[in-house]
1. Return yes or no: is B:Gln127 out of contact with any Leu (no Cβ under 7 Å at 6 or more places or on another chain), assigned by TED's automatic domain parsing to the domain that holds B:Leu170 and surrounded by 23 or more Cβ atoms within 10 Å (Cβ to Cβ)?
2. Please identify the pairs in which a residue from segment B:201-228 that is at negative phi has its Cβ atom under 8 Å from the Cβ atom of a residue that is of a type in the set (Phe, Trp, Tyr), counting only partners at least 6 apart or on another chain.
3. Give me the pairs: first residue in segment A:367-381 and within 7 Å of another protein chain (Cβ to nearest Cβ) and over 13 Å from A:Ala350 (Cα atoms), second residue in a helix (DSSP H, G or I) and β-branched (Val, Ile, Thr), beta-carbon distance under 8 Å, and six or more apart or on different chains, which are they?
4. For B:Asp86, are the conditions met, namely being in contact with a strand residue (DSSP E or B) (Cβ under 9 Å, 6 or more places away or on another chain), within 19 Å of B:Val220 (Cα to Cα) and in contact (Cβ under 8 Å) with a residue 12 or more places away in the chain?
5. Would you mention how many residues in segment A:122-138 are closer than 25 Å to B:Gly129 by Cβ and surrounded by fewer than 24 Cβ atoms within 10 Å (Cβ to Cβ)?
6. Which of the numbered conditions does B:Val56 fail, given that it passes all the others? Conditions: (1) modelled with pLDDT under 95; (2) more than 14 Å from every other protein chain (Cβ to nearest Cβ).
7. Which one of these does B:Arg225 not meet: (1) within 23 Å of the chain's Cα centre (by Cα); (2) in the same structural domain as B:Pro130 (by TED's automatic domain parsing)?
Amino acid sequence: MTSIRFNSAACDLCQQCVEKCPFGALSIGAEGMSINEKCRMCGVCVKTCPHRAITFEQTPSRDGAVKDQWKGILVYAEQEAGALHPVTFELIGEARRLAAKVGYDVYAVLVGGEGTAANAEKLLPYGVKEVFVYEHPGFTGFKADCYADAMADCISQLRPSVVLIGATALGRSLAPRLSVRFHTGLTADCTKLDMRPSTDLVQIRPAFGGNVMAQILITDARPQFATVRYRVMDRAAKVPDPTGKVTRMPVTDAMARSGIEVLELRQLVREKSIEEEDILVVAGRGAKNEEGVALCRRLAEALGGQLCFTRPMAESGLGDPSHQIGLSGRTVRSKLIITCGVSGAIQFAAGMNGSDCIVAINTDPEALIFNIASYCIVDDLFTVVPALLERLSAAEKEGE
Amino acid sequence: MKILVCMKQVPATSQVEVDPETGSLKRLGTDTRTNPYDLSALETALRLREQLGGTVTVLTMGPAQAESMMRDAYMMGADDAVILSDRKFAGSDVLATSYTLSQGVRLLGGADLILCGRQTTDGDTAQIGPALAEHLGIPHAAWVSEITSADEKGIEVVQNLASVEQRSRLNWPCLLTVELNSVVPRLPSYRLKRETADRPIRIVGFDELPERNLSLCGLVGSPTRVEKMFPPAAKAKNVHLEGGPEQEADALVAILREKKLLETEVRA
């Protein structure tokens with residue numbers, strides 16, 4: 001159970017807390033600060049107090065009493081340039097799978113400027129019970145401090161057992177503030193989740209650069225925060241009879257007040273990222289030189305996909321580092337990935353082994369890549385790829 | 001202008017294996033290095049000091065061996081170095097680490113600007129910076145790729161948030177986490193090495209922290225528990241296509257066609 005503790009010795013009666021409280025729940029009298037029933041435990045006062053006279057106090061409980069008071073799974077629905085980030089649908093899919101194991105419901109929350117409520121409606125077909133919307137012109141652009149205030153407001157009212165946030169640049173900036181505010185645990189960049197009957201969330205994430213997987217639990221604190229890697233979980237399917245609703249939450253000007261002033265938002269002009277691509281061809285060290293890379297590029301083009309690289313290729317300058325796959329590069333989950341001359345070190349494999357169909361072409365029959373490949377071709381890419389290109393161009397002519 | 005830089009000494013390599021039988025780690029080398037992201041944070045701090053004046057203090061939590069990292073920071077131009085070191089801090093997760101660091105910041109009387117690297121190369125969480133900002137109740141901007149201007153009142157930064165580039169202004173006090181390639185860290189200077197050879201490095205234990213709250217530090221103050229470690233799984237299906245390039249290409253094209261993965265089918 002969390003409560004607000006007030007240390008009158010530290011207070012110098014500056015009244016900033018009274019002023020900042022979005023709900024008008026604080027007053028200062030002869031007895032020092034008092035909190036009335038309007039308090040929603042949003043923590044703005046805790047954050048505001050320059051003397052740390054106000055703190056959250058978590059009464060430790062090991063008998064499960066805390067767990068019973070926190071139910072359901074809340075998904076943070078990230079928006080990017082006014083559109084829902086695709087990781088949101090993956091989080092909802094995973095949340096529904098986990099929720100089904102313990103009879104929980106799945107909720108979502110959106111924070112943002114104009115158009116946020118319209119995006120909220122788009123989540124209902126995916127089986128979310130209630131979508132909470134914090135829309136305010138002050139939420140345009142990402143401001144970690146006031147986004148955290150809005151999320152804290154939602155969490156303190158809903159009291160979810162689990163909060164899932166995409167492990168994007170935005171999510172990994174927001175989640176730590178929330179876990180500190182609720183004095184609870186947060187696991188970063190999870191690649192696998194499970195739910196125990198005790199409602200403890202099993203969080204699995206790569207550690208030591210992906211050489212080891214760590215299984216992490218938060219057994220004595222709620223809510224359980226996890227950021228989840230994009231393109232790892234399966235997208236939610238639509239449900240036949242969606243019954244969810246969108247609830248607009250009141251946003252006070254105080255809640256939208258931020259120490260961050262957004263001066264400019266610029267949409268980066270970019271092609272489809274390799275994470276979004278359905279078909280990928282990877283050139284590894286076996287592609288040797290520019291000629292080999294060009295062959296692989298032609299194969300990618302013939303298949304209508306993009307060319308990617310392993311780390312050695314990116315480092316040698318033959319490959320574009322922004323198209324590097326692996327733990328130190330991108331994680332992809334394409335429908336088809338054809339690796340050419342890739343040995344398949346575990347750091348590379350971890351960045352692509354979620355792909356549906358893995359084809360490996362390598363002259364070395366012992367190459368690790370063959371352990372994870374769906375289809376293995378132990379042969380030279382300099383002869384196989386041209387043979388493939390021939391057939392693909394023939395197929396295209398047929399199609400015309 | 002008072003600038004604090006949070007740094008961490010990390011293992012020099014992430015090559016580590018797990019014994020699949022016992023689940024215990026087969027040891028990492030004992031070589032250490034400074035987390036490369038933190039060098040960018042320190043460089044950013046030094047450049048801001050050149051522009052605005054003031055001091056740069058480096059703060060870390062870790063064993064006393066971190067002293068070698070602090071010596072390097074002095075050689076790059078840091079003014080002061082503080083190591084939070086106590087057995088009571090052992091086993092800290094993000095919450096406890098960021099709390100302990102926030103206590104260190106308070107002990108030093110706060111700062112106008114706190115700089116962190118975007119992430120470490122051993123933990124990879126990218127969470128300590130934002131968590132520290134929350135403990136201190138100050139705004140933060142994470143994943144900063146560029147600082148466009150800074151003055152007595154605040155700072156203008158550029159952040160890359162996936163497909164959007166955001167330019168924002170934050171007033172002091174605030175916290176930034178910076179990208180690895182946002183600046184090129186300077187090399188340690190021999191002149192500074194000689195000048196700072198006798199400069200002390202302050203080591204702060206639990207008893208010196210302002211709040212001395214044991215329930216928030218170390219393993220006790222860490223809500224997350226690592227239940228086990230295991231090696232990443234390899235999944236295998238392994239259908240071999242054989243018979244020379246021509247047959248192999250035929251077989252693969254047939255498979256791709258069947259799976260509707262050829263572009264002609266995808267387009268249709």
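1. Criteria not met by B:Gln127.
2. The qualifying pairs are B:Phe206/B:Phe89; B:Leu214/B:Phe206; B:Leu216/B:Tyr99; B:Cys217/B:Phe89; B:Cys217/B:Tyr99; B:Cys217/B:Phe206; B:Gly221/B:Tyr99.
3. From residues that are within 7 Å of another protein chain (Cβ to nearest Cβ) and over 13 Å from A:Ala350 (Cα atoms), the pairs are A:Tyr375/B:Ile255; A:Ile377/A:Val384.
4. Yes, satisfied.
5. 1
6. The single condition B:Val56 does not satisfy is (1).
7. All conditions are met except number (2).
Every residue, every condition in (1) surrounded by fewer than 19 Cβ atoms within 10 Å (Cβ to Cβ); (2) within 14 Å of another protein chain (Cβ to nearest Cβ), yes or no:
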residue	(1), (2)
A:Ala81	yes, yes
A:Phe89	no, no
A:Glu94	no, no
A:Ala100	yes, no
A:Gly113	yes, yes
A:Ala118	yes, no
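The values are calculated or read from the model by the stated rules, or taken from the named source; none is laboratory data. Predicted model only: the values in this text are computed from it and were never measured. Neighbour counts are summed over all protein chains in view; Cβ atoms, including those assigned to glycine, are modelled from backbone coordinates with ideal geometry.
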